[in-house]
Amino acid sequence: MSLLSDQDFRLRADHALEDLQRAMLPAADDEGFEVELQNGVLQVVFDEPSPAKFVVSPNAPVRQIWLSAMARSYKLSWSPERSAFELDGESLNDLVTRLAQSFLNT
């Protein structure tokens, strides 16, 4: 479990979601999906190849960022070594990008 304070977690989570939004916008423009960040929750909304939504949200009590995508949930913890939220060595940005590409190629 992360040793981040509540305030540090919130700041890092907000920054991570903002970075993810920026990273996803070029692909969203190219592939025709939406990336929306509102009230601390990022949603990636697809109309094609079928309607779907990825939801990325901070979970402050456990100091994790949770991702719900393609009927699965992913729980990413803060890695001080990488200064990023990650799951099994994969960063939040890399995970969401990989899942989005996988979804678009189905």
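Inside the range 5-20, can you point out the residues that are within 15 Å of residue 56 (Cβ to Cβ), open to solvent by 50 Å² or more (accessible area, probe 1.4 Å) and not charged (D, E, K, R)?
15, the sole residue that qualifies.
Would you be able to tell me the number of residues in the range 29-51 that are touching a helix residue (DSSP H, G or I) at 6+ places or on another chain (Cβ under 7 Å), closer than 23 Å to residue 15 by Cβ, in contact (Cβ under 8 Å) with a residue 24 or more places away in the chain and among the hydrophobic types (A, V, I, L, M, F, W, C)?
2
Of the residues in the range 36-57, how many are closer than 11 Å to residue 69 by Cβ and open to solvent by 100 Å² or more (accessible area, probe 1.4 Å)?
So the answer is 1.
Give the residues of the range 65-86 that are under 11 Å from the mean Cα position of the chain (by Cα) and either charged (D, E, K, R) or open to solvent by less than 50 Å² (accessible area, probe 1.4 Å) (or both), sorted by residue number.
Within the range 65-86, 65, 67, 69, 74, 75, 76, 85, 86 meet the criteria.
The values are calculated or read from the model by the stated rules, or taken from the named source; none is laboratory data. These figures come from a predicted structure and were not determined experimentally. Using ideal geometry, Cβ is built from the backbone for each residue, glycine included, and neighbour counts are taken over all protein chains shown. Please note that ligands, DNA and RNA were not included when accessible areas were found on the heavy atoms of the full protein model with its side chains. Shrake-Rupley method; radii C 1.70, N 1.55, O 1.52, S 1.80 Å.
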